[in-house]
Every structure is written in C-alpha cells, then in structure tokens.
Amino acid sequence: MTQTLYLRLTELAADAPVEGLLVAADGIVVAEATTGALTEFAARCPGARVIALVPGSEALATTARLPKISAAKVRTSLPYALEEFLASDLDAQHFAIGRAAARAATSSGEAGLNVPVIVMLRTRLDSWVDLLRAQGLEPAAMHLEDSCVAAKPGDVVGWMRADELLLRSPSGDAVVGRSDDLAAALQLLPTDPPAATLGLQIHATADERARHGALIEHAATGFSRVSWLALPSSPLPWLVSQLAIAAPIDLLQGEFAPRKSVAIGVTRWRLAAALVAVMFLLHVGERMFVWQRDNTAAALLERTLFDAVKSVRPEVQSPNDAQALLGKRDSSGRALTTALADLAAAGAAADSLGLVAVEAGNVRIEFRSSLATDNIEKSLIAENWQVRKDAMIDGRVVLTLNRARSERAP
C-alpha cells in the first residue's frame, strides 16, 4: 500500500528547509522526522502520497453563520457572509469549507448553520501548490498546521513555537499571540465552561519552556491546573498524530483539487507491483490453484485482490479489466492463494480484510479489527502455517504467515 509523506512547509522557497515524516499505510513510522530540502524528500520518497502543512498565518480560519440553507447553496453564500471581514476582493479569495453543523434557534436569532471555513488568497495557495509540483511532489491534501491541533475536552491546549503561543479552547476556538502575552490572549479566547474549571495543557520544547515557562505559569493562575508536555525539536510527529482527531479542513478543494495525471498513476502503480503480480490467479484458464477447491475461497480471493488493485488503479472496474494487466507469474502467487483459501475455510469474511500482500516471501494479512482473529490464527496454525500476530494501536490486527519451513520439514 502507498506510504504517506507528511511535509511541514515554512517558507515559499524551493531551497528552504522542510520537515518531513514518512508513514506506512498501517500507521507505522517508516522514517523519523528529518529536516531537508524538498528535492531530497522527492528523491527519497518517490510515489509517496504527499500531505503538506503550511503556516497558520497564511490564511484566515473562522466560522461563518449562515441561515438554514441547502448544502448546494453554502459555497455560493459563504463569500458574502464573510465579505466584511476580508480586506481584498472576494474573487481573489479561495474558500475551503469544512463540515457544517446545525445551529439551534435562540431568543435573538433563527436556527441556521455554523460552517467552518478557511479563507486564503488564491495566488498564495497556488504558489504553495506550485512549490511542491515543481519538485515532482503532487499534494493529495494541504492543511494549515494550526488546524491540526485538536481541541481537548476539559483543557485549553497550547502549542508554543518560538515566541508564539497557539491556544485552542475545548469548543475548538483558537487564538495566536506572543508566548509572553498569555493573559492578553486568554481574554480573546472564548472558554465555556470558564477557565477556573479547565486545565491548561502546554506543548513545548525544553528550551521554549525554560524561556517562557515562568511567565506562563504566572499568567495561568486562573486555571485549575497547568501541565507541560514535552515536544521534540520537530513538532511534525505530534501534529500528524493529531490529524485524525482534529479533522482539519483540506485547502485543496474546487479548482485546487489534487490532479490525477497518468504520471501519478504510474508512480502509484509501481508501489502496488506486488499486488498486480499475483492478479494472474484470476485467469480463467488456470485450473491447478488451491482456491478452486472451494467456491467461498475463490470469491474471497477474487474480491480481496480486485479491491486492492482498484484502490491504486481506479480505472480498473471489474476482474476482467484486471486480467488485462496480467502476463507475469511468480512463486508468491501460490502462497497467497493457499493462505486466502485457508482463511476462507477458517471463516474469515472478505470485508474484514484491509490489506493482503506478499512481502519478502511472507503473506501479510491485515484485519480491520481483532474480532475472531484468535480462532482464525488457530485454524491457520492447524494448516501448518507459521503465524506472527501484531496488534496495531488503532485496533487493527496483522497476521504474517510463512509456510516455507513446514513445506521443507520431513
């Protein structure tokens, strides 16, 4: 499966230092966060899915209050709802929209919608996208780094970076100010419930805490508690870990939506070469494979491999389309078909599998959850498979199967 390269951009310059973090499809960090030029990451991570973070100062993040209208009318109404807050022409702005939330009627107003939105100059966003594309890096998503800091129930979350402090309330409101001006920043941050019932959680490096810690502790006396969480020199791993919770707005909407060129498809295809190599198992003329002994196993194999190939080749719409890609066999195919047939016999449902691949002679099976994997593991062991079981943080389970020793044993 495709790896993801997270890039934290700081300057609009090709030679500016960039922080990068490479993560596998299963969430495991492939390469720790490093700093280098864009050209280095492009050469080091060919074909990786790129997600870029840009400085929060690049755009205005706000919430538009709209009447209760259809989703189709939200985009056309947004610019006019925010017009009084924007200094330049509406046509010069790009509006990236988040998920709207219903707003209940109050005594002073009607019910409506609260729509999170990020407003950014089109020319500025275009420059960031061009900066990546010039190095052969096609961004799949782009976020403001400030938006990646998730709100936390019961705490105001702070992120200290150099002389700046980003504060986010439990309700998601945020302000940015000088690290030494916490008291002034708190006056601008709506907190409900009041600060006296909340904690203040500050993420900072050891150097930043040493420089500003005393002033912040003094200004934070109105909170129920103050806690410090140490950040490494690069905040990128922490920001990436927050993405799933924060669900930041993707800037690449509308005219800036990611391109799907032939070149990109070819690059991604190379990463899935192992899956394509085993698709020959679907060929009608091949009768000797193990999966034909069981119709259930055959259906499981066909659906699992077809879905895997379609995820990297959207133009593949049927198993027949997939067969046109075939023409090569390898020894991994036999192991994979045998494993899938045995999985089917053990009662594994096709929709429970998230990943099927052959890696270094081993068959890697990823389950979407840990339910019933104990019985499946026992069944595979009974079929002479050597099984290694790994549990992922998000609840997924990976079984790595190897049959080489069993087949060589007397």
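A few notes on this one:
- Among the residues of segment 201-257, the one identified as of a type in the set (Phe, Trp, Tyr), closer than 30 Å to Thr123 by Cα and crowded, with 19+ Cβ neighbours inside 10 Å is Phe256.
- Of all residues in segment 359-410 being hydroxyl-bearing (Ser, Thr, Tyr) and over 20 Å from Asp26 (Cα atoms), the one that is modelled with the highest pLDDT: Ser379
- Taken over segment 164-184, the residue count meeting the criterion of being surrounded by 19 or more Cβ atoms within 10 Å (Cβ to Cβ) and of a type in the set (Lys, Arg) is 1.
- Leu12 being at pLDDT below 95, more than 20 Å from Trp238 (Cβ to Cβ), surrounded by fewer than 17 Cβ atoms within 10 Å (Cβ to Cβ) and hydrophobic (A, V, I, L, M, F, W, C): yes
- Check on Leu66, in contact with a Gly (Cβ under 7 Å, 6 or more places away or on another chain) and part of a strand (DSSP E or B): yes
- Residues in segment 74-123 that are within 16 Å of Gln253 (Cα to Cα), in a helix (DSSP H, G or I) and not aliphatic (A, V, I, L, M): Arg75, Thr76, Pro79, Asp91, Arg122, Thr123.
- Set Pro248, Pro235, Pro194: member being of a type outside the set (A, V, I, L, M) and over 26 Å from Val18 (Cβ atoms): Pro194
- Contact map, segment 10-33: residues that are at positive phi paired with residues that are in a loop (DSSP other than H, G, I, E, B), Cβ distance under 9 Å, separation 6+ or inter-chain. Pairs shown: Gly27/Met392; Gly27/Ile393; Gly27/Asp394; Gly27/Arg396.
- Selection within segment 185-214 - over 13 Å from Asp155 (Cβ atoms), outside any loop (DSSP other than H, G, I, E, B) and modelled with pLDDT of 90 or more: Ala204, Ala206, Asp207, Glu208, Arg209, Ala210, Arg211, His212, Gly213, Ala214
Yes/no per residue for (1) in contact with an Asp or Glu (Cβ under 9 Å, 6 or more places away or on another chain); (2) not aliphatic (A, V, I, L, M):
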{"residue": "Ser88", "(1), (2)": "no, yes"}
{"residue": "Gln93", "(1), (2)": "no, yes"}
{"residue": "Ala101", "(1), (2)": "no, no"}
{"residue": "Ala111", "(1), (2)": "no, no"}
{"residue": "Val115", "(1), (2)": "no, no"}
{"residue": "Leu121", "(1), (2)": "yes, no"}
{"residue": "Leu137", "(1), (2)": "no, no"}
{"residue": "Asp146", "(1), (2)": "no, yes"}
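- Members of segment 232-243 found to be touching a strand residue (DSSP E or B) at 6+ places or on another chain (Cβ under 8 Å) and without any contact (Cβ under 8 Å) to a residue 40 or more places away in the chain, listed by number: Trp238
- If you go through segment 82-111 and keep only what is surrounded by 17 or more Cβ atoms within 10 Å (Cβ to Cβ) and farther than 20 Å from Pro258 by Cβ, you end up with Leu82, Gln93, Ala100, Arg103.
- Filter result (part of a loop (DSSP other than H, G, I, E, B) and closer than 14 Å to Thr197 by Cα) within segment 148-170: Pro153, Gly154, Ser169, Pro170
- Residue pairs whose Cβ atoms lie under 9 Å apart, separated by 6 or more positions or on different chains, with the first residue in segment 126-137 and under 19 Å from Glu255 (Cβ atoms) and the second among the acidic types (Asp, Glu) and assigned to a helix (DSSP H, G or I), are Trp128/Glu58.
- In segment 166-198, the residues that are free of Cβ contacts under 8 Å to residues at least 40 places away in the same chain and among the hydrophobic types (A, V, I, L, M, F, W, C): Leu167, Val175, Leu182, Ala183, Ala184, Ala185, Leu186, Leu188, Leu189, Ala195, Ala196
The values are calculated or read from the model by the stated rules, or taken from the named source; none is laboratory data. These figures come from a predicted structure and were not determined experimentally. Neighbour counts run over all protein chains shown; Cβ positions are idealised from the backbone, glycine included.
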